[in-house]
Amino acid sequence: VDFSLPERLNLGSFYLDVNLEAGRSDKTAIYYRDRTYSFLDLWRLTNRVGNVFKALGVEPENRVLLILEDSPEWVASWLAAMKVGAVGTHAYTYLMAHDYGYLLNLIRPKVVVVDKTTLGRVREGAKDARYPKVFLVAGENVTDLQHGELSLGEMMKSADARLEVEPTHRDDLAFWNFSGGTTGRPKGVPHMHRDGVISYESFNHILAYHDNDIVLRVPKLFFHYARDPGMLYPLRSGAAIVLFEERTTAALLFNLIGKYRPTVLINVPTMMRAMIQTPEDERADLSCLRLSFSSGEVLSAQLHEEWVSTFGSEVANRFGSAESGMGYLCNRPGEVKPGSSGKVTPLAEIKLVDDDGVEVSRGQPGLLLARSDATARYYVREHEKSKATFLGDEWINTGDVFTQDEEDYFWYLGRADEMIKVSGVWVSPLEIERTLQGSPRVRECAVLGVKDGDGLLKIR
């Protein structure tokens, strides 16, 4: 993949403004409720939000935090934060008040964008935080606002629809990812403007969207897997995205698929199972789909085969991380090897190493190290954890164990801290499950390490 990064680079402009330059002003960018938003509508909405941010004192490098349901305001706020040179961050909409208190203290946002769903809990969480100074409440008929809370809709009415784009440097911070809470609370992972372009180029080289694509996502936008391949990459390519604020269910997805006939589905295995289990007369026809993705959890060969026999289309499994800022493994359409995580993506490098950091031979399990120009450099205020993850020469320790087969496909064996040592040998519960599931006599299985009477781990 050959491309160069200009020194002046603004991701908000990169993803959105390019569409006006390409003559797509009147083309649909967003389907939401019973409305459509053209690229020009989204551009104006984004610019108005950007001017509201500026009026509230948001300056380059200030952080903006989004805690609201998926909506055009979510999209516009994310793009606007970067267009004004601020740093975009986001959180799940169903956390507890104390979780929001933790995040507010970690992020120290200048402005938090919320909605009716989240305002009460975020307001409660803010009692123990020094930030933010301002809550912007998105949505219609916003009432009962307290001190420091403003209606985003009201403020946008008087905001200019033209916005001066901050001439950010490619190495300025643009957004944070969050590394999952498996080892405690989520860790902030700052990324630069360059990282967003590199991850897009990598994706686009093997899975390019067309401007006539319609993209539907199962996970919500605060997951980077949904935010990037499910929102930003389609917009950059002139494709349309479907947004909905409700919690995702199989019934809702089938309804949306029937209504919008999406060409791309960003899915997760749990929802794939729920869709397969939906009675046939309650399903929509999925023949509209050109591409389907899965990420976020293991997609077994068994589930993939059930999906293909039920709906007729393959699913490309992807694997990446908050730290890497991109998907570094992916199955290619038409070359899917069920159960695998695919091959290395363009612009990424990977190696599998043993406990001493020495590369393992093919077919042997190894800890996966990844490297690319989109990789982050540290966790916010986590120096010791940063040293364990962000290694020398720009390699990151993903904490995931894989094998690589003779055809360059990678197979996930589990987290390094979930491997079980039995009789001195490291064993992957997942690999045993995968093998058992290959038997027609096994319907479902789970493999665990259980201590016996002598306190030794045995596989059950």
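The values are calculated or read from the model by the stated rules, or taken from the named source; none is laboratory data. Model, not experiment: these values are computed from the prediction. When we count neighbours, we look across all protein chains shown, and the Cβ atoms used for this are built from the backbone with ideal geometry, even at glycine. With ligands, DNA and RNA removed, areas are computed over all heavy atoms of the protein, side chains included. Shrake-Rupley method; radii C 1.70, N 1.55, O 1.52, S 1.80 Å.
Let me confirm something: among Gly12, Gly57, Gly23, Gly50, which residue is part of a helix (DSSP H, G or I) and farther than 20 Å from Val242 by Cα?
Details: Gly12 fails: farther than 20 Å from Val242 by Cα; Gly57 fails: part of a helix (DSSP H, G or I); Gly23 fails: part of a helix (DSSP H, G or I).
Every option except Gly50 fails the conditions.
Can you tell me which residue is least open to solvent (accessible area, probe 1.4 Å) among those in segment 404-415 that are in contact (Cβ under 8 Å) with a residue 24 or more places away in the chain and within 12 Å of Leu430 (Cα to Cα)?
Leu413
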Fill in the blank from the handout: Taking segment 205-230 and keeping residues outside any loop (DSSP other than H, G, I, E, B), under 23 Å from Tyr37 (Cβ atoms) and open to solvent by 40 Å² or more (accessible area, probe 1.4 Å) leaves His224
Practice task
Filter segment 26-41 down to residues that are without any contact (Cβ under 8 Å) to a residue 40 or more places away in the chain and part of a helix (DSSP H, G or I) and give me whichever is surrounded by the fewest Cβ atoms within 10 Å (Cβ to Cβ).
Solution key: Leu40
Completion exercise
In segment 362-387, residues that are open to solvent by 80 Å² or more (accessible area, probe 1.4 Å) and over 22 Å from Thr89 (Cα atoms) total 4
Problem - Identity of the residue in segment 138-180, touching a helix residue (DSSP H, G or I) at 6+ places or on another chain (Cβ under 9 Å) and part of a helix (DSSP H, G or I), that ends up nearest to Leu103 (Cα to Cα) - result: Leu152
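Would you be able to say whether some residue in segment 10-25 is farther than 29 Å from Met192 by Cβ and either basic (Lys, Arg) or within 24 Å of the chain's Cα centre (by Cα) (or both)?
Let us first name the residues in segment 10-25 that are farther than 29 Å from Met192 by Cβ, namely 23, 25.
Within this subset, residues satisfying the condition of being either basic (Lys, Arg) or within 24 Å of the chain's Cα centre (by Cα) (or both) are none.
So far as segment 10-25 goes, no, none of its residues is farther than 29 Å from Met192 by Cβ and either basic (Lys, Arg) or within 24 Å of the chain's Cα centre (by Cα) (or both).
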Exercise for the section: Output the residues belonging to segment 419-436 that are surrounded by fewer than 18 Cβ atoms within 10 Å (Cβ to Cβ) and over 29 Å from Glu335 (Cβ atoms). Expected result: Lys421, Val422, Ser423, Gly424, Val425, Trp426
Exercise for the section: Quick one: Glu394 ticks every box in (1) of a type in the set (Asp, Glu); (2) in contact (Cβ under 8 Å) with a residue 12 or more places away in the chain; (3) at negative phi except a single one, so which number is it? Expected result: (3)
Practice task
Might you check whether a residue that is open to solvent by 10 Å² or more (accessible area, probe 1.4 Å) and more than 19 Å from the chain's Cα centre (by Cα) occurs anywhere in segment 235-250?
Solution key: yes
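Scan Asp393, Asp373 and give me the residue that is touching a helix residue (DSSP H, G or I) at 6+ places or on another chain (Cβ under 7 Å) and of a type in the set (D, E, K, R). Lay out the reasoning, then the answer.
Values: Asp393 fails: touching a helix residue (DSSP H, G or I) at 6+ places or on another chain (Cβ under 7 Å).
Of the residues listed, the single one that is touching a helix residue (DSSP H, G or I) at 6+ places or on another chain (Cβ under 7 Å) and of a type in the set (D, E, K, R) is Asp373.
Taking the stated definitions as given, is Arg63 surrounded by fewer than 18 Cβ atoms within 10 Å (Cβ to Cβ) and of a type outside the set (S, T, N, Q)? First the steps, then the outcome.
On the way: surrounded by fewer than 18 Cβ atoms within 10 Å (Cβ to Cβ): no; of a type outside the set (S, T, N, Q): yes.
So Arg63 fails the test.
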Practice task
Go through the residues of segment 277-292 one by one and say whether even a single one is surrounded by 15 or more Cβ atoms within 10 Å (Cβ to Cβ), in a helix (DSSP H, G or I), on the phi < 0 side of the Ramachandran plot and touching a residue at least 12 places away in the same chain (Cβ under 8 Å).
Solution key: no
